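Structure first, then comments.
Derivation of every value follows stated rules applied to the coordinates shown; laboratory data play no part. These figures come from a predicted structure and were not determined experimentally. When we count neighbours, we look across all protein chains shown, and the Cβ atoms used for this are built from the backbone with ideal geometry, even at glycine.
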């Protein structure tokens, strides 16, 4: 199943940006399935294609994960405690780590040597396909720590040996995301 896109690959690569403001419009199940179909076209180590996609659209569960993930980060993350900015937003009960997006897609895989790489490749495909379809996405690093706990895995109905790697929010952007300037690449040419 191919996904119809409104832009070519180069345009999607250059225009994909993290989106943190969404409308309340839900993302159709068919659209989410097409994004996941794009995700599974990614390469994987030894072509194992180990991915599992958990789609969360339940607002109560999203709010619970947000609360638990914020508390977990405050307890366990030196970066959160060292940064006044992070500590301030994580302590704010009104701050939703998912920015009120209507859908969360968590890409997971069984424990293994290349689980992070496999899931990250699938995540990039999903985010590019979403951008091409006019949707916004953002990888939510604040959720990762708690989702990897036994409580977090249980909330997603994941087995104990499954590793949740990429929590990606998906929704209709309120406004176009502003481009972020890119630094020039550091390249060492060895001849």
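For the chain, what is the calculated [θ] at 222 nm in deg cm²/dmol (nearest 500), taking -39500 (n - 2.57) for each run of four or more DSSP H residues and dividing by its residue count?
Details: 8 runs with 80 residues, N = 191.
Taken over the chain, the calculation gives -12500 deg cm²/dmol.
Below 8 Å between Cα atoms, with a sequence gap of 6+, how large is the relative contact order for the chain in percent? Could you put the intermediate results ahead of the total?
Working: 317 pairs, mean separation 66.8, N = 191.
This gives 35 percent for the chain.
Extension gain for residue 59-residue 76 works out to 3.6 nm (0.36 nm per residue, less the C-alpha to C-alpha distance). Simple spin-label estimate for residue 30 and residue 92 gives 3.8 nm between the two label positions (7 Å along the Cα-to-Cβ direction from each Cα). For the range 125-177, dividing the convex hull volume of the Cα atoms by the residue count gives 94 Å³ per residue. Across the range 84-170, Cα-Cα pairs farther apart than 17 Å form 53% of the total. Taking the chain as a Gaussian network of alpha-carbon nodes connected by springs under 10 Å, the highest mean-square fluctuation of the residues 76, 162, 54 belongs to 76. FRET efficiency for the pair residue 52 and residue 189, taken as 1/(1 + (r/R0)^6) with r the Cβ-Cβ distance and R0 = 41 Å, rounds to 0.55.
Can you list the equivalent-ellipsoid semi-axes of the range 19-171, largest first and in whole Å, using the square root of 5 times each Cα gyration tensor eigenvalue? If you can, show how the numbers build up before the last one.
Working: eigenvalues 116, 76, 36 Å².
Equivalent ellipsoid semi-axes, largest first: 24, 20, 13 Å.
Once the chain from residue 45 to residue 85 is taken as fully extended at 0.36 nm per residue, the excess over their C-alpha distance is 10.6 nm. Spatially, the range 21-40 and the range 111-181 are offset by 13 Å when compared through their Cα centroids.
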